[in-house]
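To start, the structure under review is shown below, and the notes come after it.
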Amino acid sequence: MFEHCLGEKTCMNMNKSMKQETDILIDQLRQRNPAACQKLLADYGTAVFQMVRRIVTVQEDAEEVYQDVFVKALQAIGNFDSRRATLATWLNRIAYHEALNFLRSRKLSVVYMEEQNDDLDDAPDDEMPDELTIQRLEMALTELPPHERTIITMFYYDNMSLADIAYVTDSIPSTIGSQLCRIRKKLYRIIKNMKP
Amino acid sequence: MNEKDIDRILYGDTHLGEAIRQHEQKQPSLPAHLNGKVMVQLLSAGAHRRHLWFWVGGVAASLLIIIGIGMAMWPTSKPKLQAKITEATVKLPSVQQVEQPQTVIQAEEQHAPSLEEKKPAPMMAKAIPVKPIKKTQNREIPDTLGNEIWQNPENVERALRILADCEATILHEEQEMRNMVIEATFHGTPQPANAVIVTNEMGDYEVIETPNAIDI
């Protein structure tokens, strides 16, 4: 819709200028420019914190991981390759792995076995009102393991592509597609088993 | 199941999308103070990296210096020496009668020029008595051995050669005899001021000159 309003050429110019700004920011970050660090936090901090919070649910721990993410990002900024992913996706990748590593270090994570159910097209219960379905799905989200909840949130809330999600989680797009279907099916199975 | 089916299933599920959206909106937002804390950490991390390199460089330089000093001070293969500080006029006990004459030294004595004509070295102010020697088997000690023989440089040279073979002529355990011979040799040759004999348990010795008395 944005493209239709402004025209394709304008959108291309805007994307180009945004990319140039990002490249300048990255160059300044490599030189440890304090103003660049502040801009990085201002532009990407919210998204990074959301990513961390999906996995690390305790507020104090999430803040600690958030700090570690940016320290690590600044240390690794020299290795950032803009051809592989955008800066936002790259930061999300660091945040995702730092958060999972935090859980592992605290021995808080649990290994979840992937369910071997072939029927991926498990349709929701049409008899349930929409509002109730939404409410129950929201409750069912809290029962998902952190990494599954993060993957499905990246798809539906962050509108990330399968390729970007695969980059963040160190996977491949086809696997992410299958995982998303399985997670969705699991959620509907959870809400079906919920007491009315 | 192909990608189109996956897209249809996933993108078509508006309930799930809405549920996730509502769930995310209920999550706490980024605390206002947090970015300030992160900035402090980022700036100190950069300084820390610079200081870290200084530390690494300093440690590396120190290691190189220590290795260089260690190599310069690397000891020789000589065994550990024990210094024995001697004075120029040490008095030794008088020699006693011995049974087995030493033929080599006797021969030297016979052919040696008149010892009385030879004047002792400036350091040699007094005659040095020789310590009594215990009777053992295979001992090559002349019965006519006297202090005068050390005034003859040839005798001294001979004694030095004998001393070098002290494993054969003087038993290793008889440290007392060995030291006596060393001292006699020492006093038989002109010595520099503040001379120190350094010996080892094998009987090897050398005379070194030191400005002060030292313990090695």
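The values are calculated or read from the model by the stated rules, or taken from the named source; none is laboratory data. These numbers come from a predicted model, not from an experiment. Please note: Cβ atoms are built from the backbone with ideal geometry, for glycine as well, and neighbour counts cover all protein chains shown. Side chains included, ligands, DNA and RNA excluded: accessible areas come from the protein's heavy atoms. Shrake-Rupley method; radii C 1.70, N 1.55, O 1.52, S 1.80 Å.
Among A:Leu162, A:Ser178, A:Pro146, pick out the residue whose Cα is farthest towards the positive end of the charge dipole of the stretch A:131-192, where Lys and Arg carry +1 and Asp and Glu carry -1 on C-beta, about the Cα centre.
My answer, from the dipole projection, is A:Ser178.
Rounding to the nearest 20 debye, state how big the charge dipole of the stretch A:2-106 is about its Cα centre with +1 on each Lys and Arg Cβ and -1 on each Asp and Glu Cβ.
With only Lys, Arg, Asp and Glu charged at Cβ, the dipole is about 280 debye.
State to the nearest 20 debye the size of the charge dipole of the stretch A:33-86 about its Cα centre, where the only charges are +1 on K and R beta carbons and -1 on D and E beta carbons.
340 debye
When averaged across all projection directions, what area in nm² does the alpha-carbon convex hull of the stretch A:2-106 cover?
Mean projected area for the stretch A:2-106: 7.8 nm², to one decimal.
Could you compute how much accessible area chains A and B hide from each other, both sides summed, with a 1.4 Å probe? Nearest 100 Å² is fine. Could you put the intermediate results ahead of the total?
Numbers: alone 12610 and 16390 Å², together 25380 Å².
Summed over both sides, the interface buries about 3600 Å².
Within the set A:Lys19/B:Lys4; A:Lys186/B:Lys4; A:Lys39/B:Lys26; A:Lys16/B:Lys26; A:Lys185/B:Lys4; B:Lys4/B:Lys26, which residue pairs have Cα atoms separated by over 23 Å? Could the numbers behind the result be given before it?
Numbers: A:Lys19/B:Lys4 31 Å; A:Lys186/B:Lys4 21 Å; A:Lys39/B:Lys26 26 Å; A:Lys16/B:Lys26 35 Å; A:Lys185/B:Lys4 17 Å; B:Lys4/B:Lys26 32 Å.
Going by Cα-Cα distance, A:Lys19/B:Lys4; A:Lys39/B:Lys26; A:Lys16/B:Lys26; B:Lys4/B:Lys26 fall outside the 23 Å limit.
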